[in-house]
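After the structure tokens below, expect a handful of questions from me.
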Amino acid sequence: MKTRILCAAMGASLAFATTAFADKLIVATDTAFVPFEFMKDGEYVGFDIDMWAAIAEDNGWEYELRPMDFSGIIPALQTNQVDVALAGITIRPDREEVIDFSDGYYDSGFTLMVPVGSDIETTDDLAGRTLALRMGTSAADYAQEHFTETELRLLPNIDNAYLELRTGRVDAAMHDTPNVLYYIATAGDGEVKAVGEQMMAHEYGIGFPKGSPLVEDVNASLAAMREDGRYDAIYETWFGTQPGQ
């Protein structure tokens with residue numbers, strides 16, 4: 001779905017934009033977090049991308065997507081380099097201290113992925129093993145706190161972590177559940193599988209600089225989308241099922 005460029009006036013919300021692009025919102029997006037935001041055939045697609053397009057259309061906002069590494073997104077919000085962030089950002093108290101969030105729009109957690117044939121069946125089996133994770137994520141924070149007998153391999157993006165697993169350089173990888181399951185279904189080649197129970201349920205939220213006037217309008221759009229069925233339709237497009245099923 002192509003980024004929507006709309007001609008309606010943006011009013012007071014644009015007055016807040018502190019980026020060089022005063023005529024449109026600058027929307028940070030993760031470089032590769034399937035199926036939420038990723039590059040396909042030269043353009044960014046995904047659940048978050050479609051959801052934001054609908055929100056922008058509701059409000060008559062023009063915007064530009066700005067892909068960046070996840071580790072730079074929250075600092076970019078803090079310094080007002082971007083106006084909005086779509087990156088499957090977990091709503092956490094420490095992050096709420098430095099940025100604002102929309103209402104939660106997706107329930108997630110963490111899941112382990114291992115090679116088919118591995119004897120790792122639960123997190124208890126990680127003791128003495130090597131686990132690949134993406135640095136700066138909630139999954140990495142969780143692993144550092146809970147897997148004290150596991151060697152953690154922190155990598156700059158999740159593709160690196162999955163490659164480490166596929167080439168046998170680590171015993172397991174862990175990331176957000178929808179991303180793990182999407183990878184297994186679309187790129188795993190039958191060589192990897194999910195094991196164990198999902199860990200630490202949490203919600204994703206859209207990120208904003210502190211004090212952003214956009215939050216209220218975004219929350220109103222999210223509520224309207226859930227009410228009129230647009231949210232469910234976008235959800236089914238990317239996850240093949242309805243929310244809660």
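The values are calculated or read from the model by the stated rules, or taken from the named source; none is laboratory data. None of these values were measured; they are calculated from a predicted model. Virtual Cβ from ideal backbone geometry, glycine too; neighbours counted across all protein chains shown. Note: accessible area is taken over every heavy atom of the protein model, side chains too, but ligands, DNA and RNA are not part of it. Shrake-Rupley method; radii C 1.70, N 1.55, O 1.52, S 1.80 Å.
Output the number of the condition that I158 fails; it satisfies all remaining conditions of (1) open to solvent by less than 20 Å² (accessible area, probe 1.4 Å); (2) within 26 Å of Y63 (Cα to Cα).
Condition (2) is where I158 drops out.
Could you list all residues from the range 189-233 that are of a type in the set (A, V, I, L, M, F, W, C), over 22 Å from L25 (Cα atoms) and either modelled with pLDDT of 90 or more or open to solvent by less than 50 Å² (accessible area, probe 1.4 Å) (or both)?
Once the filter is applied, which keeps residues that are of a type in the set (A, V, I, L, M, F, W, C), over 22 Å from L25 (Cα atoms) and either modelled with pLDDT of 90 or more or open to solvent by less than 50 Å² (accessible area, probe 1.4 Å) (or both), the range 189-233 yields V192, A194, V195, M199, A233.
Return the total of residues in the range 101-140 being within 30 Å of M225 (Cβ to Cβ) and not β-branched (V, I, T).
Residues flagged as within 30 Å of M225 (Cβ to Cβ) and not β-branched (V, I, T) within the range 101-140 amount to 14.
Here's a follow-up. Can you find even one residue in the range 63-82 that is more than 18 Å from the chain's Cα centre (by Cα) and open to solvent by less than 50 Å² (accessible area, probe 1.4 Å)?
Yes, because at least one residue in the range 63-82 is more than 18 Å from the chain's Cα centre (by Cα) and open to solvent by less than 50 Å² (accessible area, probe 1.4 Å).
Residues are listed down the side, and each one gets a yes or a no for (1) open to solvent by 50 Å² or more (accessible area, probe 1.4 Å); (2) under 13 Å from the mean Cα position of the chain (by Cα); (3) modelled with pLDDT under 95:
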{"site": "D103", "(1), (2), (3)": "yes, no, no"}
{"site": "M113", "(1), (2), (3)": "no, no, no"}
{"site": "D125", "(1), (2), (3)": "yes, no, no"}
{"site": "S138", "(1), (2), (3)": "no, yes, yes"}
{"site": "A143", "(1), (2), (3)": "no, no, no"}
{"site": "H146", "(1), (2), (3)": "yes, no, no"}
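For T150, all conditions in the list (1) out of contact with any Pro (no Cβ under 9 Å at 6 or more places or on another chain); (2) open to solvent by 70 Å² or more (accessible area, probe 1.4 Å); (3) among the β-branched types (V, I, T) hold save one; what is the number of the exception?
If we test T150 against (1) out of contact with any Pro (no Cβ under 9 Å at 6 or more places or on another chain); (2) open to solvent by 70 Å² or more (accessible area, probe 1.4 Å); (3) among the β-branched types (V, I, T), just (2) comes out false.
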